[in-house]
Structures are given as structure tokens and as C-alpha cells.
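Just below is one structure, and these are the notes that go with it.
The values are calculated or read from the model by the stated rules, or taken from the named source; none is laboratory data. Being a predicted model, the structure only gives us computed values, none of them experimental. Using ideal geometry, Cβ is built from the backbone for each residue, glycine included, and neighbour counts are taken over all protein chains shown.
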């Protein structure tokens, strides 16, 4: 048995040596192949190193940006709670909004029905509008025809307005005198005064105009009809209502002429017991320049008008 083992061992030893030799030969062959690839590997390593350096620089820059980014993220995180709170409030508002929308939807059919009804009435409305347009055209033609008359009407209204204040004043005086005369009549003392009241001394004589101002024909050219009308109104007021010393001022804004009328004397007794006479001082200015200052006496005639001495 030992002999067999020895023979087997002597056989296996050369086999092992051959295997080792074969392994060394293969290793040597592989090492030669690896050694041939080393230059390429080294070149790739160099190339990789060159590419790594800019990457490292970029990474360094990125690292520098990280702190402000983190800070901004932190600020953003602080904003999140109020945003979430606002979102929560918005969510709470959604149900009532949906309810209102639902109510609005319910009203839409009614609105559509009403709109349909209005649409059905449109032809009649348009027809009425056409008729109204035709009427407007007719009215416009009438207005155009009346327009030339407006100036005359306005002038007449202005004249009427100017005459109203003295007429009202005279009416007040007339009422007062009628009251006094009525009292005297009840006592049996009716005189010529009562006749004068009935005749209503409301106006100057018809020929009164520039004449009551005592102006010459040349001086009268300075003043216009409105100026003379204002002088006449002031004179009538004082003749019918004034007391001695009373005065009335007038001014025409159009011509800028002005003047003063003052009651300087009331005649009583003697030859004036049966008549009513008064004296007015009339002062006329063309703007700020004195034109005329005169005394004019007026007496009431049988027609109840104030007549004046030429």
C-alpha cells in the first residue's frame, strides 16, 4: 500500500510542477498584455484629472451659493404658515360662494324668461321709438320756427321784469291809501284824494322819457333806453313811496352808466292843498363822469299820472 502511495506521489509531483510552470507562463503572458495597456490607462488618468479640475471649481462655486440658497429657503419656509392660513381662509369662503352660485343658478331661468318676455316686447318698443323719432322731428321743426321769436320774447320779459318792482311798490302804497281813504269816507270826509286813488297814480305821463332827466338832445345820446328806464323806475318809486330825503341809486351793468334820484321836497298846504307835487334831484353819470345834475318837479294830473315841468 505504501508502495502504491509512493508511486502516486512520484507521479503527482511532476504533474504539479508542470501545472505551476503552465500557470507562470500564462501569468507572464497576461502581464505582458497588461503592461501594453498601461500607457493608455495613464493617458486616460491624465485626461480625467484635467476634466476633474473644472468640475471641482464648479463644485466650489456651487458650495459658495449654498448658504444664500439655504437662507432663501429659510425665508420661504417662514412665508409658508401665513400662506397656509390664507389658503385655509379661502377654503372656508368656498362653501358660501358655492351656495351663492347655486342660488344664482336658480335665478337664471327666471332671468332668461324675463329676457325672453322683454325680447317679445322689443318690436312694440322699437315701433314706439320710431313714432317718438317722428314726433321729435316735428317738434324740432316747430322749435326752428319759434326760435326767431325767442329774442323778442326775452326782450319783452326783461322789460316786464323791470316794470314789476315799481308796480308792486305802487300797489302797496295804493292799498295803504285806499285803507286810509276808506276810513275817511266812512267819516264823511271824502275829498279829491279818493278820486286820485281810484285813478291809480302808477305811472309817469306817456311822454316821460329822457325828458324827466332834463337832458339835452346831445346829452341824451350818451344814455340808452335801459338807462332811462332805470331812472324812470327810481323816480316812480320815490314819487309814490318816498319821504323827504329818501334816495334811490341805479346802475346799468350793460352800459356801466349809473345815477342817483333823491326826493328833496314834498309840497303841502297853500296852493298845493288840493294837488300832490314833489321835487326830485336827478344825478346822472356816464360811468364815473358826472353828466347832469338837475332838479325836476312833478305833480299828479287829473289822470292820476305824475306830470313834470319842462
field: Which listed residue, of 38, 83, is at pLDDT below 85, on the phi < 0 side of the Ramachandran plot and assigned to a helix (DSSP H, G or I)
entry: 38
- line: From the option list 294, 273, 255, single residue qualifying as surrounded by fewer than 14 Cβ atoms within 10 Å (Cβ to Cβ), at negative phi and free of Cβ contacts under 8 Å to residues at least 40 places away in the same chain is 273
field: Members of region 277-290 that are in contact with a helix residue (DSSP H, G or I) (Cβ under 7 Å, 6 or more places away or on another chain) and closer than 21 Å to residue 303 by Cβ
entry: 278, 280
task: Tell me which residues, restricted to region 276-291, are surrounded by fewer than 15 Cβ atoms within 10 Å (Cβ to Cβ) and either in contact with a strand residue (DSSP E or B) (Cβ under 6 Å, 6 or more places away or on another chain) or on the phi > 0 side of the Ramachandran plot (or both).
output: 287
- request: Would you check which residues across region 257-291 are more than 51 Å from the chain's Cα centre (by Cα) and assigned to a strand (DSSP E or B) and list them?
  value: 263, 264, 265, 266, 267, 277, 278, 279, 280, 281
- prompt: Among the residues of region 240-250, is any touching a strand residue (DSSP E or B) at 6+ places or on another chain (Cβ under 9 Å) and modelled with pLDDT under 90?
  reply: no
task: Of the numbered conditions (1) touching a strand residue (DSSP E or B) at 6+ places or on another chain (Cβ under 8 Å); (2) more than 16 Å from residue 289 (Cβ to Cβ); (3) in a helix (DSSP H, G or I), residue 226 fails exactly one; give the number of that condition.
output: (1)
